[in-house]
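The values are calculated or read from the model by the stated rules, or taken from the named source; none is laboratory data. Only a predicted model underlies this, so the values are computations on that prediction, with no experimental measurement involved. Glycine also receives a Cβ, built like all others from the backbone with ideal geometry; neighbour counts cover every protein chain displayed.
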Amino acid sequence: PPGVGFPGPSGGALGIDAQAHKGALAAGGRTVAVMGTGPDVAYPAVHKAMFAQMEAGGGARVSPFPFGTSSFPSNFPARNPIIAGLAQAVVLVEAPSQSGALQTVAAALDLGRDVFVVPGPITSPAFRGSHGLIRDGATLVEHPMQVVEALGGGMIQPLPPDEGEGLSETQQAILACLNGGPMLTEAIVRQTGLNAPLVLAELTMMELDGIVKKGRDGYQRGL
């Protein structure tokens, strides 16, 4: 987790990849995007500003492809072993049974990396791949500090920032939901109108930074 001193590699794509990079940047950490294009090609184009911010903060874009290589569907599986190779561990937030993220997990296991899986609703097809890994022996995690402790950083306690300062619009929306007290993840999703994987990823990063904390009744403000 980049918020506690671990650089965070990911795939630079839309969705959870982008949230991993943005979470690292919001925490003041470094992050590396492993591209399915040439390293000079900003793909997707909507992430051009994010890539520039990553590089300015000491991160990088790397690729197994030559400069100028365009985006082709067959390119993206080739980057997954590189993501696993750059990581000390892989945390799987959500994966259906045919997810490309499972290729990254397979590469991580081949390389002897730790694999952590965040569980989801047992009725959701979006988590069937995740739950299959848990059945096969992957480590289930419910709290970001469980990952930190497993990686030898259990004593690191990040300082909470001033309220609202340095938070993304998404994080501010989540924090505003907690003004009235603790709230379950599902309720935060409903109230913000954001999709569940995005909320889960942001809550994870916010918890690492001490902005929120999780208790028996859900998440509450940590400030």
Could you say which residue among L167, L178 is more than 25 Å from D17 (Cα to Cα) and modelled with pLDDT of 80 or more?
L178
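This table checks each residue for (1) farther than 14 Å from A201 by Cβ; (2) outside the structural domain of A33 (by TED's automatic domain parsing); (3) part of a loop (DSSP other than H, G, I, E, B); (4) touching a residue at least 60 places away in the same chain (Cβ under 8 Å).
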site	(1), (2), (3), (4)
E94	no, yes, yes, yes
S99	yes, yes, yes, no
L102	yes, yes, no, no
V105	yes, yes, no, no
G112	yes, yes, yes, no
V115	yes, yes, no, no
T123	yes, yes, yes, no
Note on Q220: of the conditions (1) surrounded by fewer than 17 Cβ atoms within 10 Å (Cβ to Cβ); (2) at pLDDT 85 or above; (3) under 23 Å from L25 (Cβ atoms), unmet is (3)
Which of the numbered conditions does P144 fail, given that it passes all the others? Conditions: (1) surrounded by 12 or more Cβ atoms within 10 Å (Cβ to Cβ); (2) closer than 23 Å to G85 by Cβ; (3) at pLDDT 90 or above.
(3)
Among the residues of segment 62-92 satisfying the criterion of being within 17 Å of the chain's Cα centre (by Cα) and not in a helix (DSSP H, G or I), which is surrounded by the fewest Cβ atoms within 10 Å (Cβ to Cβ)?
Q88
Residue count, segment 182-209, condition in a helix (DSSP H, G or I), in contact with a helix residue (DSSP H, G or I) (Cβ under 7 Å, 6 or more places away or on another chain) and of a type in the set (D, E, K, R), comes to 2
Scan segment 169-194 and report the pairs whose first residue is not assigned by TED's automatic domain parsing to the domain that holds E142 and whose second residue is surrounded by fewer than 15 Cβ atoms within 10 Å (Cβ to Cβ) and acidic (D, E), with Cβ atoms within less than 7 Å and a gap of 6+ or a chain change.
P182/D217
Of the conditions (1) at pLDDT 95 or above; (2) aromatic (F, W, Y); (3) surrounded by fewer than 15 Cβ atoms within 10 Å (Cβ to Cβ), F127 clears all except one; give me its number.
(3)
If you check G58, G38, which single one turns out to be surrounded by fewer than 22 Cβ atoms within 10 Å (Cβ to Cβ), in a loop (DSSP other than H, G, I, E, B) and touching a Ser or Thr at 6+ places or on another chain (Cβ under 6 Å)?
G38
